[in-house]
Amino acid sequence: MSKKETEHPKLHHSKISFKDIVGHKQVKARLQTIIKIIKKPKLFAYFDTSVPRGLLLYGPVNVGKSMLAKAFAYEAKLPYYEISGSKLFEIDYIKEVYKEAQKHAPSIVILEDIDIKGLLQGTLTNVSFSDIAKVIETVSEGVFTIATSETLEAVDPVLTAPQKLDFLIEVSKLDKDARRFFIEKILKKPHDPKIDIERIVRYITGMSAVELERLGRMAVLSVIEQGKKRITEEILIEQINIIKYGHKIDKQMVRNLEEELEMTAYHEAGHAVLSTLLLPHIKIEQVTIAPRSKTLGFVSYNADEPLSNITKEELFYDVCVLMAGRMAKIKKAGNEKMDSGAIDDLAQASFQIYTAIVNLGMDKELGMINLESITPMSENFLRNRIEERFLLWIDTAKKYSRSLVDTHWKTIEKLAKALIKKEIVEGEELLKIVGKKKIDTTIPKSL
């Protein structure tokens, strides 16, 4: 077979339907609606508007964007062509695909992962969005384009302009139904009937389909390795933690192990207690000090319903929670024992405060400004005032955090001791340790 024949565009007929894809109810409903309207061109003629030419599905990797695109083709009863990888950089091949698609119109062209970058003439470059946009513009309305991308920002607006990719649809992480599907699939294997499925479904929030497929295999391998006969809840949670946070570190590899674990316990206890007090609506699944390859300890949050809009109060309290780890360590061991363990906390806290002042218009003195929108301004514009306010926010948050650590020290110590003893404290036990304490939730007026 010649090279030309090998590269000739191939027409596909999808066998995947929306029913074959778990979760994504809202996305599938929207796609069904789009299928209905693009099959009724008279509706657009009535409004003197052209029929939509395409849509963009964007979202994290491994959430099913490509499957949704193929299922769209199935539900629309249309054949499709697919362009991916290096072929996205070959405009002549893309033109050939669209030429063939027109011959078989109505049809679909799927552009998979158009945010891909390639090395051309020694330079890392993007796909030629403008060239693709021109191709889409020239083909008949009988060819519908579906593109996929990890983010909307990664796609040049020239491709999402009118009469190109008219519909922009976000495909978010796996929802609860999809996650439950994967867990129920795992639990078709021999398992402990006492496993709390809802608890496991919460724990795997944010994990991709690939990671969940891996979870099932890892759980089975762990069962066999341990000489057991069924999957247990303990094994599942440990494998989830390995995927998310890395393998447990051999304790002999940790210098000054006992002291390190104790300090980590107070650090994580500081975070967990203040988070429970200041941000009770953000549920904590577990707190642990088991050393892992990615971290020496962590607080695991249930991110099933992440905040879409954060208030000034929530941002300030989150900064206080971030600082509480170091505050607790200092209270326990003194300033001389300060270490590098809070580097990520401080980086995140500093970024959030700077963003609040410079871009979110949350500062009392500087007011409602957004410097990102006036980038041509001098680098020194408001520089001294921003520095003053930034340092005030930092100092205020530090004092607020330290005050709460002092006030609730007995609770922090109780949690730290529980962590030292058991390595892990579940969310329900944490709530019992913290109790029903009420605190003043008014941020300082100086901010």
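The values are calculated or read from the model by the stated rules, or taken from the named source; none is laboratory data. Keep in mind it's a predicted model, so treat the numbers as computed, not measured. In this analysis, Cβ positions are derived from the backbone assuming ideal geometry, glycine residues included, and neighbour counts consider all displayed protein chains.
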Exclusive hit being charged (D, E, K, R) and under 26 Å from Glu262 (Cβ atoms), set Lys364, Lys445, Lys437 = Lys437
Is it the case that segment 236-256 has a residue that's more than 30 Å from Ser66 (Cβ to Cβ), at pLDDT 90 or above and more than 25 Å from the chain's Cα centre (by Cα)?
-> no
Looking at this structure, is Arg180 surrounded by 15 or more Cβ atoms within 10 Å (Cβ to Cβ), basic (Lys, Arg), within 26 Å of Ile282 (Cα to Cα) and touching a helix residue (DSSP H, G or I) at 6+ places or on another chain (Cβ under 6 Å)?
-> yes
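Quick one: is His13 within 25 Å of Tyr93 (Cα to Cα) and either at pLDDT 85 or above or over 37 Å from the mean Cα position of the chain (by Cα) (or both)?
Spelling it out, His13 is indeed within 25 Å of Tyr93 (Cα to Cα) and either at pLDDT 85 or above or over 37 Å from the mean Cα position of the chain (by Cα) (or both).
If you check Glu90, Glu100, Glu82, Glu96, which single one turns out to be free of Cβ contacts under 8 Å to residues at least 24 places away in the same chain, acidic (Asp, Glu) and within 26 Å of Lys134 (Cβ to Cβ)?
Details: Glu100 fails: free of Cβ contacts under 8 Å to residues at least 24 places away in the same chain; Glu82 fails: free of Cβ contacts under 8 Å to residues at least 24 places away in the same chain; Glu96 fails: free of Cβ contacts under 8 Å to residues at least 24 places away in the same chain.
Unique residue meeting the criteria: Glu90.
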Looking at Leu68, is it surrounded by 13 or more Cβ atoms within 10 Å (Cβ to Cβ) and assigned to a helix (DSSP H, G or I)?
-> yes
Total residues in segment 184-212, condition small (Gly, Ala, Ser) and modelled with pLDDT of 85 or more | 0
Only residues that are within 22 Å of the chain's Cα centre (by Cα) and either of a type in the set (S, T, N, Q) or in a loop (DSSP other than H, G, I, E, B) (or both): list them for segment 50-65, please.
-> Gly59, Pro60, Val61, Asn62, Val63, Gly64
Are any residues in segment 22-49 touching a residue at least 60 places away in the same chain (Cβ under 8 Å) and either over 18 Å from Leu78 (Cβ atoms) or within 29 Å of the chain's Cα centre (by Cα) (or both), and if so, which ones?
-> Val22, Gly23, His24, Lys25, Val27, Arg30, Leu31, Ile34
